[in-house]
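Visitor: First, the structure itself, so that you have it in front of you.
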Amino acid sequence: MEVKPVKGTHDILGADIILYQRIEDALAKTAHTYGYLEFRTPIIEHTELFSRSVGDSSDIVRKEMYTFLDKGNRSLTLRPELTAGIIRTIVNNKLYASQDFPIKASYIGPAFRYERPQAGRFRQFSQFGVEAVGLDSHLIDVEVISLGYNALKSLNFIDITLKINTLGDDESRNNYREALRAYFSEHIKDMCSDCKERLKINPLRILDCKVEEDQKIIKQAPRIQDYLTSDSKERFSKTVNLLDSLKIKFDLDENLVRGLDYYSEVVFEYHYISRDGKSFGALGAGGHYSHLVEELGGPNLAGVGLSFGIERLAQVVENEKLLFDAFPFLAFYIMPIGDVNIEKVYELNEKIHRLGYPSEMAYESKSLKALFKKAEKRSALFAILIGDEELEKEVLTIKNLRTKEQTSVALADFDNVANNIVEEELVELNEER
Ligand code: AMP
């Protein structure tokens, strides 16, 4: 019997991997330009790590975790996000004792949530993100927001909608929570069952509700702006001013509260709406946190982080054709002509591999028509035709498969010529897009 993949998981094969690797490389490179280096932490952690960090009132901990007992009767969980593991390792290794602040880490890897699978929502997905720990300032908050913005730019995203909000400090949030509790208690009888639950555990969560009827009630709810302490107000205004001066456009969204319990002060999300009006939801999100490090047994240090869903990014990049070179192209497809010495052709193919170009050869000579078909199937930029005559004269016939132009190149010059024509062809393809 055929065994199907687990619901909400997906295989990523061959050609798509090129796209994923290209995206992951660009994200890691952007993180590196800001001084963030990758931390790799385990996929399985003690369940307690997430109930203490992501929070018992979050949807993630309440109903979405893959939690199981191992053979030693320990409660373990497949990580639903990667921030908690990063903070745990910072605390375990006491990185705060030996490093200048902020400690900067990036991460990439799979996460697991038992959610209802739908477009852009999986049960196993991958996240890329960064964390900056130990500096409590709008400067580092803005650095992380800008890092995310530039990561999207490096993937050729143009119309990025950055939504930001502030949740304020502890005092602001406590006061606001009470105001919300009072307000929603009046209206809760008309709201969805999830909201009834949210009111009991954390009324802030109600602001996240997507049910249309509830939206009308939510629109009239008290606003966080009216409950911010002067410190939080000042911090947020410094944040938006700095974003302005960096020319990073944003929309203030008072209902943005994020689904994880650890956030305070600034929170943000990156959204993208395609040219034909399709919304892809939040591509990435993040915020500042005040107590996470302490909650996980470390000193009282603040932090800020963000994370992107790789699958969502890949979907947009593919849909909108944002990366022209993220397809499994071959630079050269080598075609042996007639009864040419196939070992010599093989040597040439090997030489091209050693130069670092993707190339493949036909292992037997076929009709030219069949060979050109194969080249096209492999998305080759150029065909190299090589028969006895070429071997004898030590030349190669190179055909541009887009323009159909054909040139003859001395074998000795191939290294230089290859470099130029492949680069030029990729630029042309990009412009033609
Ligand atoms: P969060 O950790 O909930 O703040 O989510 C950060 C980003 O991870 C989101 O903006 C999505 O791009 C991605 N993400 C979260 N949950 C899922 C999921 N179930 N499937 C795919 N991507 C997800």
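The values are calculated or read from the model by the stated rules, or taken from the named source; none is laboratory data. Predicted model, so just to flag it, every value in this text is computed and none were measured. Cβ sites come from the backbone with ideal geometry, for glycine too, and all protein chains shown count toward neighbours. Note: accessible area is taken over every heavy atom of the protein model, side chains too, but ligands, DNA and RNA are not part of it. Shrake-Rupley method; radii C 1.70, N 1.55, O 1.52, S 1.80 Å.
Visitor: Skip the ligands, DNA and RNA, and give the accessible area per residue of the range 98-229 with a 1.4 Å probe, whole Å².
Guide: 45 Å²
Visitor: Given H placed on each backbone N at 1.01 Å, which residues far from LEU330 in sequence or on other chains put an amide H within less than 5 Å of it?
Guide: Under 5 Å from the amide H of LEU330: ALA380, LEU381.
Visitor: Mind giving me the nanometre distance, one decimal, between the label points for SER237 and LYS4, set 7 Å out from Cα along Cα→Cβ?
Guide: 5.7 nm
Visitor: On the accessible surface of the range 329-432, probed at 1.4 Å, how many percent belong to carbon and sulfur atoms?
Guide: 46 percent
Visitor: Here's another thing I want to ask about it. If DNA, RNA and ligands are ignored and the probe is 1.4 Å, what is the ranking of ARG74, ARG198 by accessible area, most exposed first?
Guide: So, going from the largest accessible area down, we get ARG74, ARG198.
Visitor: Over the range 329-432, with the other protein chains present, what is the accessible area per residue in square angstrom, probe 1.4 angstrom?
Guide: 59 Å²
Visitor: Please tell me which of these pairs span more than 28 angstrom C-alpha to C-alpha: LYS7/LYS373; LYS238/LYS278; LYS163/LYS219; LYS7/LYS249; LYS366/LYS393?
Guide: Going by Cα-Cα distance, LYS7/LYS373; LYS238/LYS278; LYS7/LYS249 fall outside the 28 Å limit.
Visitor: Still on this structure, please answer the following. Which far-off residues, 5 or more places away or on another chain, put their amide H under 5 Å from the one on ALA111, with H placed in the peptide plane?
Guide: PHE125, SER126, GLN127
Visitor: What residue among ASN300, ASN416, ASN150 has the largest mean-square fluctuation in a Gaussian network model of the chain, using Cα springs under 10 Å?
Guide: ASN416
Visitor: Suppose each label sits 7 Å from its Cα in the direction of the beta carbon; what would the ILE201-PHE327 distance come out to in nanometres?
Guide: 4.6 nm
Visitor: Extension gain GLN99-ARG378, at 0.36 nm per residue separation less the Cα-Cα distance, in nm?
Guide: That pair, GLN99 and ARG378, stretches by 95.5 nm at full extension.
Visitor: Can I ask one more? Evaluate the charge dipole of the range 329-432 about its Cα centre and quote only its size in Debye, nearest 20, assuming +1 on the Cβ of each Lys and Arg and -1 on the Cβ of each Asp and Glu.
Guide: Charge dipole, the range 329-432, about its Cα centre: 500 debye, nearest 20.
Visitor: Go from 0 up to the bin containing the longest alpha carbon distance in the range 329-432, width 10 Å each, and give me the % of pairs per bin.
Guide: Using 10 Å bins, I get a P(r) of 15, 54, 28, 3 for the range 329-432.
Visitor: How far apart, in nm, are the 7 Å Cα→Cβ label points at ASN255 and TYR114?
Guide: Here the modelled spin labels are 2.9 nm apart.
Visitor: Report the relative contact order of the chain, percent, no decimals, based on alpha-carbon pairs under 8 angstrom and at least 6 residues apart.
Guide: Contact order relative to length: 15 percent.
Visitor: Roughly how many Å is it from the Cα centre of the range 223-249 to that of the range 284-358, as a whole number?
Guide: Each part reduced to its Cα centre gives a spacing of 36 Å.
Visitor: List the residues whose amide H sits under 5 Å from the amide H of ASP169, counting only those 5 or more places along or on another chain, with H placed 1.01 Å from N in the peptide plane.
Guide: Amide H neighbours of ASP169, under 5 Å, 5+ apart: THR229, SER232, GLU265.
Visitor: Once you order the gyration tensor axes a ≥ b ≥ c over the Cα atoms, which shape class does the chain get: rounded for a/c under 1.5, otherwise prolate or oblate by comparing a/b with b/c?
Guide: Prolate, since a/c reaches 1.5 and a/b exceeds b/c.
Visitor: Also, I was wondering about something else. Using a 1.4 Å probe, how large is the accessible area of HIS187, given in Å² and rounded to the nearest 10?
Guide: Taking all protein chains as shown, HIS187 has close to 60 Å².
Visitor: Rounded to the nearest 10 degrees, what's the angle between the helix 230-245 long axis and the longest principal axis of the chain, both from Cα atoms, 0 to 90?
Guide: 20 degrees
Visitor: Heavy-atom accessible area of MET191 with all protein chains present, probe 1.4 Å, nearest 10 Å²?
Guide: 10 Å²
Visitor: Taking the full set of protein chains and a 1.4 angstrom probe, give the accessible area of PHE414 in square angstrom, rounded to the nearest 10.
Guide: Looks like 0 Å² after rounding.
Visitor: Once phi is turned into θ = phi - 60°, what whole-Hz ³J(HN,Hα) does the Karplus curve with 6.51, -1.76 and 1.60 give for every residue of the range 151-156, x standing for Gly and Pro?
Guide: These are the phi-based 3J(HN,Hα) values: 4, 5, 4, 5, 9, 6 Hz.
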